[in-house]
Amino acid sequence: MGRTTTRTDRADRADGVDGVGRRGRGRFRAAIAGLLAAGLAVAGCGAGEERSTADRSDRSGRESGGTAPAVPDGGGTARPDGANEGEVRSPAPAPDYLSTFALDVDTASYGYARRTLAEGRLPEPGTVRPEEFVNSFRPDYPRPADNGFSVTLDGARTGQDGWSLVRVGLATRGADRGAERPPAALTFVVDVSGSMAEPGRLDLVKESLGLLADQLRDDDSIALVTFSDEAETRLPMTRVGEDRGRIREVVDSLATSASTNVEAGVRTGYDVAVEGHRKGATNRVVLLSDALANTGATEAGTILERIEEERRRYGITLFGVGVGSEYGDAFMEQLADKGDGQTTYVSNSAQARKVFVDQLPSHVELRARDAKAQVAFDRRTVEKFRLIGYENREVADEDFRDDRVDGGEVGAGHTVTALYAVRTRPGATGPVATATVRWLDPSTRAPRERSGSVGTGGLTGDIWGGGHDSLQLTAITAYFADALRGGGLPGAPGLRALAERAEAISGRSGSAVVRELAEAVRQAEELMGPGGGAPGEEPSREGELRSGDPYS
């Protein structure tokens, strides 16, 4: 299978399908444009390299002019057929051939769906975010040698007329546990309300915090706030150093009581974080809760303003860790969105260890702030396209290079995957898509960009052909999420086939996390019945293509 990437150091590889992804953020906008699916990796297509703000010329050769989006060759400059020299005509409405979104490394949606299915219930469709299913697995993208991103595009045919899946893969350099990094100043806001007494909630949180106390460095700092009906500061910002024992004592003493006033907890947590703010450190609030607010302000909107203010003023971001069989997914999602942070979900000790031992160093060591991606499809080869998921991360195309517009925060060792359904024009050959990622350096705030491309030469393979395990796993997770939301993606093979393919990958790789995916798909098939996850028709969601698009 061919592949096109940026020119990067390929020695630093991810752990294949057996890893778990993480997250970044953007701002809420209308639903994402377009619809399609395109193919397998492309050999021989041009790959991008790092560019500064001073060099904004896009890959088509058109100068972007500061905030103008990049558009591939062949878009919008040709005269209408039959036009006479000098004749003025109103231009025909052009399709939207750009897709722009903030990067996302969340995984909470997939974790919560797995728990729900294991308990014999289908997850509510509104809690299913395909990008979080996809990003729960770490593909083997090349890693950059520097602190930027690698950009990899590949894909394959789906088997439905003209449709392919095109994968845009972004990756950062991994964390070096022994290397120098900025210290962390972490304020933990822990839910100790009555609902947290359920096994697998507060006990899991305490276990997680105990693991964390052993992982942080002496120069890192921890504060601890608890909340039920009111909030209480249990530990002011404290250097870990010789106080690990004191930190553990405070954690061990946590007990449940009363109702859930998330507003009080988050407000007090940010007060403590601001008071203990460390210049040059990674300042973060970590919220551990089932997010089932029932006291104080129970809607996220009433506390979002405070979260955004402290993020902008002090660079304090929010990491949400969800627990519990009943979980306020939408509430936690909104808090983390506004806090330019991430969410994840844990339901057992193994997942807690993965988050607090394996993943937390990545959240502490940043590689990029306000990271966004823009994918430009070539009008000559592409008829339709659709980004699968990322509805809550959409960014206006013209805001791609406006660095005042929020993007996502991405840590060390993260991968971010965006999957598109793409329908190519019959017989067309040439470029299909160019993906550009833009981010701010965490230290200097200087903007950087890198790009990669894929063409029709890479769309000749079958998605379910041999040797494509990484791409197949991405497709399986996306089709699985789509089935839980009602289906409709082209080429969907059905839940039974998805489970079988996941089991085959697990057998070849020995991956426990892929085996868990296969089990979750089987559970969904049993709950949805024989008709669940049937092969999809072409998507036709209202608003996916802009008004005037001749292909809508």
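General remarks:
- Where Glu124 falls short, out of the listed (1) surrounded by fewer than 24 Cβ atoms within 10 Å (Cβ to Cβ); (2) farther than 30 Å from Ala293 by Cβ; (3) of a type outside the set (Val, Ile, Thr): (2)
- Residues satisfying the stated conditions in segment 324-360, i.e. of a type in the set (Lys, Arg), closer than 18 Å to Lys206 by Cβ and within 17 Å of the chain's Cα centre (by Cα): none
- Hey, Gly301 under 31 Å from the mean Cα position of the chain (by Cα), open to solvent by 50 Å² or more (accessible area, probe 1.4 Å) and either farther than 15 Å from Thr317 by Cβ or at pLDDT below 90 (or both) or not: yes
- Within segment 494-509, residues that are farther than 16 Å from Ala483 by Cα and of a type outside the set (Phe, Trp, Tyr) sit with their Cβ atoms under 9 Å from residues that are assigned to a loop (DSSP other than H, G, I, E, B) and open to solvent by less than 40 Å² (accessible area, probe 1.4 Å), at 6+ positions apart or across chains, in these pairs: Ile505/Ser511.
- Number of residues in segment 440-488 that are outside any loop (DSSP other than H, G, I, E, B), hydrophobic (A, V, I, L, M, F, W, C) and surrounded by fewer than 22 Cβ atoms within 10 Å (Cβ to Cβ) equals 1.
- Across segment 365-390, the qualifying residues are those that are modelled with pLDDT under 95 and within 20 Å of Glu333 (Cα to Cα), and the one among them that is surrounded by the fewest Cβ atoms within 10 Å (Cβ to Cβ) is Arg369.
- In segment 344-364, the residues that are open to solvent by less than 10 Å² (accessible area, probe 1.4 Å), at pLDDT below 85 and β-branched (Val, Ile, Thr): Val355, Val364
- Those residues of segment 369-395 which are over 14 Å from the mean Cα position of the chain (by Cα) and over 18 Å from Leu440 (Cα atoms), in sequence order: Val375, Ala376, Phe377, Asp378, Arg379, Arg380, Thr381, Val382, Glu383, Lys384, Phe385, Arg386
- Residue in segment 416-435 that is crowded, with 19+ Cβ neighbours inside 10 Å, more than 14 Å from the chain's Cα centre (by Cα), within 30 Å of Lys354 (Cβ to Cβ) and of a type outside the set (Ser, Thr, Tyr) present: yes
- Inspection of segment 132-140 finds no residue satisfying the criterion of being open to solvent by 20 Å² or more (accessible area, probe 1.4 Å) and of a type in the set (A, V, I, L, M, F, W, C).
- Long-range neighbours under 6 Å by Cβ, at least six apart or interchain, first residue acidic (Asp, Glu) within segment 379-391, second in a strand (DSSP E or B): Glu383/Arg423
- Selection over segment 396-429 of residues that are under 18 Å from Val168 (Cα atoms) and assigned to a loop (DSSP other than H, G, I, E, B) gives a count of 4.
The rows are residues; the columns are (1) in contact with a helix residue (DSSP H, G or I) (Cβ under 9 Å, 6 or more places away or on another chain); (2) crowded, with 23+ Cβ neighbours inside 10 Å.
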site: Arg246; (1), (2): no, no
site: Asp252; (1), (2): yes, no
site: Ala255; (1), (2): yes, no
site: Tyr270; (1), (2): yes, yes
site: Ala273; (1), (2): yes, yes
site: Thr282; (1), (2): yes, no
site: Gly315; (1), (2): no, no
site: Asp337; (1), (2): yes, yes
site: Gln342; (1), (2): yes, yes
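- Residue check for Leu235: aliphatic (A, V, I, L, M), open to solvent by 10 Å² or more (accessible area, probe 1.4 Å) and under 29 Å from Leu292 (Cβ atoms): no
- Restricting attention to segment 121-178, the residues being in contact with a helix residue (DSSP H, G or I) (Cβ under 6 Å, 6 or more places away or on another chain), closer than 18 Å to Tyr110 by Cβ and of a type outside the set (A, V, I, L, M) number 10.
- Scanning segment 198-218 for residues that are free of Cβ contacts under 8 Å to residues at least 40 places away in the same chain, farther than 17 Å from Pro182 by Cα and surrounded by fewer than 18 Cβ atoms within 10 Å (Cβ to Cβ) gives Pro199, Asp203, Asp214.
The values are calculated or read from the model by the stated rules, or taken from the named source; none is laboratory data. Small disclaimer: the values here were computed from a predicted structure and weren't measured. Cβ: placed from backbone, ideal geometry, glycine included. Neighbour counts: every protein chain shown. All accessible areas refer to the heavy atoms of the entire protein, side chains included, with ligands and DNA or RNA removed. Shrake-Rupley method; radii C 1.70, N 1.55, O 1.52, S 1.80 Å.
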